[in-house]
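Asker: I'd like to ask some things about the structure below.
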Amino acid sequence: MKLALHWRIMIGIVLGILFGLSMTQNAHGQFVIDWIKPFGDIFTKMLKLIAVPLIIASLIKGISDLKDFAKFKEMGLRTVVLYIITTVFAITIGLVAVNTVKPGEGISQQTKEKLEKKYSNSESIKDKIKNAKTQKKAGPLKFMVDMVPDNALKAMSDNKLMLQVIFFTIMLGISLLLIKEEQARPLKEFFDSLNEVILKMVDLIMLTAPYAVFALLSTVIVSAEDGDLIVALGKYAFTVVGGLLIMIVFYMLIVSIYLKKNPIWFLKQLAPAQLLAFSTSSSAATLPVTMERVEEHIGVDQEVASFVLPVGATVNMDGTSLYQAVAAVFIMQVLWPEGNTFSNQMLIILTALLASIGSAAVPGAGMVMLVVVLDAIGFPEAQVPIALALIIAVDRPLDMCRTVINVTGDATVASVVAKSLDKFGNPQVKNWNDNL
């Protein structure tokens, strides 16, 4: 009997971790970097390659199938409201968890000095602080300006400009609705065909997923930071992961109560996208697979999934927002206890919500968001490098975990929006060789 895709990906992850550990112990980490890592990079690049064409084709198909602009407005409003609600809930969960566990109280002076010595002058931290300063200088409505492209082709050439692609595509789709049907038909048929071709490319790329996650995870293991530091930050990592697990429970309650579906079934259908999110740490790279799983396996109509999921991959980062809350309070507990006030924690909720909207769906974006949050609460600027040094040792594994929550949140909201519009519950699985 052929194993289901999510089990094959899981086996790839486990074998990748074990292989990475064995290579590390035998001092063959460079072999993994030179000969194994490229295959994971190729897989990630292939997923990113088709993300923009898939968004354009599926979103135009979805809008043109609506036939009614009023329905699109209704869907857009529900999507934005739900994303804001889930993000605020995630940040609140993070604050409750970090105030309950108090992970900052477990950090010794020796550990702080070791972390500061190793990381505070690293180029990675300097780059993140520089990016955050650039974002901070922008006006309050800069994110709205950034949504509108001045060159559609340039926007399509950069996965970080996903919101610009979505804006252009929505304008194109709405305009398609507003012209005569016989004039719109050739373009609509082109995008319908392109959508089917791109989805088939997703199927073909996913054939290599188990091998790709083996390469990705073995690379993560051999590139891991100092094990002693990771253990020292165990209480902080436990707090973040605990909060993320509570978010999974929250989503599954929605699935059970509102969607009236078995949560285990939902997680099983979404599992390949979640496992890829874990392996790549990128919502953008995982987006094509998320769309395929949500449409074909969970049963969300394409016209809903094609809008809700690309927007979610850009603006809805529940896992990352929860992490902001835990990390900011953890840093205050260690370095700035006098600033750990109720008013500052309320400010964290607002700032993390706004920061998540403009954050890129790529690995490491959460650290840039964190600098913005720390600045908003008045954290001493001179201590920001030390603050980032405190948490950078465990940032990558936590980034992997929180990306899983980001993707799960997107899929849950897409399902809720579809259910509210009576466009949920008709899975139609397509295999890569159906027409061979």
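The values are calculated or read from the model by the stated rules, or taken from the named source; none is laboratory data. A quick note: this is a predicted structure, and the numbers were derived from the prediction, not measured. Quick reminder, even Gly has a Cβ in these numbers, built from the backbone with ideal geometry, and neighbours come from all protein chains shown.
Asker: Hey, any hits in segment 34-57 for a residue that's closer than 30 Å to Ala305 by Cα and of a type in the set (Ser, Thr, Tyr)?
Answerer: So the first thing to find is which residues in segment 34-57 are closer than 30 Å to Ala305 by Cα, and the list is 39-57.
Pick out the ones that are also of a type in the set (Ser, Thr, Tyr) and you get 44.
Yes.
Asker: So, Ile9, is that one in contact with a Leu (Cβ under 9 Å, 6 or more places away or on another chain) and β-branched (Val, Ile, Thr) or not? Break it down into steps so the answer makes sense when it comes.
Answerer: On the way: in contact with a Leu (Cβ under 9 Å, 6 or more places away or on another chain): yes; β-branched (Val, Ile, Thr): yes.
Spelling it out, Ile9 is indeed in contact with a Leu (Cβ under 9 Å, 6 or more places away or on another chain) and β-branched (Val, Ile, Thr).
Asker: Give the residue, chosen from Phe89, Phe43, Phe39, that is in contact (Cβ under 8 Å) with a residue 12 or more places away in the chain and closer than 26 Å to Ser415 by Cα. Spell out the reasoning first.
Answerer: On the way: Phe43 fails: closer than 26 Å to Ser415 by Cα; Phe39 fails: closer than 26 Å to Ser415 by Cα.
Just one listed residue meets the conditions, Phe89.
Asker: Filter segment 307-332 for residues that are touching a Leu at 6+ places or on another chain (Cβ under 6 Å) and of a type in the set (S, T, N, Q) and give the result.
Answerer: Listed by number, the residues that qualify are Thr314, Gln324.
Asker: Just need a number here: residues in segment 72-85 that are closer than 15 Å to Leu354 by Cβ and of a type in the set (Ser, Thr, Tyr).
Answerer: Counting residues in segment 72-85 that are closer than 15 Å to Leu354 by Cβ and of a type in the set (Ser, Thr, Tyr) gives 1.
Asker: Would segment 406-429 turn up any residue that is β-branched (Val, Ile, Thr), in contact with an Asp or Glu (Cβ under 7 Å, 6 or more places away or on another chain) and not in a helix (DSSP H, G or I)? Working first, answer last.
Answerer: The first filter runs over segment 406-429 and keeps only residues β-branched (Val, Ile, Thr), leaving 407-408, 412-413, 416-417, 429.
Narrowing further to those that are in contact with an Asp or Glu (Cβ under 7 Å, 6 or more places away or on another chain): 429.
In the following step, the residues that additionally are not in a helix (DSSP H, G or I) were identified as 429.
So far as segment 406-429 goes, yes, one or more of its residues are β-branched (Val, Ile, Thr), in contact with an Asp or Glu (Cβ under 7 Å, 6 or more places away or on another chain) and not in a helix (DSSP H, G or I).
Asker: Give Asp150, Asp127 a once-over and let me know the one that is farther than 21 Å from Gly312 by Cα, assigned to a helix (DSSP H, G or I), of a type in the set (D, E, K, R) and free of Cβ contacts under 8 Å to residues at least 24 places away in the same chain. Before you say what the answer is, go through the steps one by one.
Answerer: Details: Asp150 fails: assigned to a helix (DSSP H, G or I).
Of Asp150, Asp127, the one residue that is farther than 21 Å from Gly312 by Cα, assigned to a helix (DSSP H, G or I), of a type in the set (D, E, K, R) and free of Cβ contacts under 8 Å to residues at least 24 places away in the same chain is Asp127.
Asker: Val417 - would you say it is farther than 29 Å from Ser306 by Cβ and in contact (Cβ under 8 Å) with a residue 24 or more places away in the chain?
Answerer: Values: farther than 29 Å from Ser306 by Cβ: no; in contact (Cβ under 8 Å) with a residue 24 or more places away in the chain: yes.
Criteria not met by Val417.
Asker: Which of the residues that make up segment 238-259 are of a type outside the set (Ser, Thr, Tyr) and either within 18 Å of Tyr119 (Cα to Cα) or not in a helix (DSSP H, G or I) (or both)?
Answerer: Initial filter on segment 238-259 (of a type outside the set (Ser, Thr, Tyr)): 238, 240-250, 252-255, 257, 259.
Passing the criteria: only Leu259.
Asker: For segment 195-205, check the following and say yes or no: at least one residue is buried (at least 16 other Cβ atoms within 10 Å of the Cβ) and closer than 30 Å to Thr111 by Cα.
Answerer: No, segment 195-205 has no match at all.
Asker: Just the residues that are of a type outside the set (S, T, N, Q) and either out of contact with any Phe, Trp or Tyr (no Cβ under 7 Å at 6 or more places or on another chain) or surrounded by fewer than 24 Cβ atoms within 10 Å (Cβ to Cβ) (or both), please, taken from segment 47-60.
Answerer: Leu47, Lys48, Leu49, Ile50, Ala51, Val52, Pro53, Leu54, Ile55, Ile56, Ala57
Asker: Being of a type outside the set (S, T, N, Q), at pLDDT below 95 and under 18 Å from the mean Cα position of the chain (by Cα) is the requirement here; does Asp301 meet it?
Answerer: no
Asker: Any chance you could count how many residues in segment 103-127 are of a type in the set (S, T, N, Q) and either touching a strand residue (DSSP E or B) at 6+ places or on another chain (Cβ under 7 Å) or exposed (fewer than 11 other Cβ atoms within 10 Å of the Cβ) (or both)? Working first, answer last.
Answerer: Filtering segment 103-127 down to residues of a type in the set (S, T, N, Q) leaves 108-111, 120-122, 124.
Checking which are either touching a strand residue (DSSP E or B) at 6+ places or on another chain (Cβ under 7 Å) or exposed (fewer than 11 other Cβ atoms within 10 Å of the Cβ) (or both) leaves us with 108-110.
Adding up the residues that qualify gives 3.
Asker: To continue, here is another question. Failed condition for Gly29, given (1) under 30 Å from Met75 (Cα atoms); (2) touching a residue at least 40 places away in the same chain (Cβ under 8 Å), with all others met?
Answerer: The number of the failed condition is (1).
Asker: Right, something else. Quick test of your reading of the structure: Leu3 fulfils all but one of (1) modelled with pLDDT under 95; (2) touching a helix residue (DSSP H, G or I) at 6+ places or on another chain (Cβ under 9 Å); (3) assigned to a helix (DSSP H, G or I). Name the failing condition by number.
Answerer: Unmet for Leu3, out of (1) modelled with pLDDT under 95; (2) touching a helix residue (DSSP H, G or I) at 6+ places or on another chain (Cβ under 9 Å); (3) assigned to a helix (DSSP H, G or I): (3).
Asker: Can you spot a residue in segment 159-177 that is exposed (fewer than 15 other Cβ atoms within 10 Å of the Cβ) and part of a loop (DSSP other than H, G, I, E, B)?
Answerer: No, the conditions are met nowhere in segment 159-177.
Asker: Check off (1) out of contact with any Gly (no Cβ under 7 Å at 6 or more places or on another chain); (2) crowded, with 24+ Cβ neighbours inside 10 Å; (3) among the β-branched types (Val, Ile, Thr) for Ile405 and give me the number that stays unchecked.
Answerer: (1)
Asker: Let me ask something else. What number of residues within segment 410-424 are under 13 Å from Met291 (Cα atoms) and polar (S, T, N, Q)? Steps first, please.
Answerer: Initial filter on segment 410-424 (under 13 Å from Met291 (Cα atoms)): 410-415.
Now restrict to residues that are polar (S, T, N, Q): 412, 415.
Going through segment 410-424 one residue at a time, the tally reaches 2.
Asker: From Gln269, Gln274, grab the single residue that is assigned to a helix (DSSP H, G or I) and either of a type in the set (Lys, Arg) or surrounded by fewer than 22 Cβ atoms within 10 Å (Cβ to Cβ) (or both).
Answerer: Working: Gln274 fails: either of a type in the set (Lys, Arg) or surrounded by fewer than 22 Cβ atoms within 10 Å (Cβ to Cβ) (or both).
Among Gln269, Gln274, only Gln269 is assigned to a helix (DSSP H, G or I) and either of a type in the set (Lys, Arg) or surrounded by fewer than 22 Cβ atoms within 10 Å (Cβ to Cβ) (or both).
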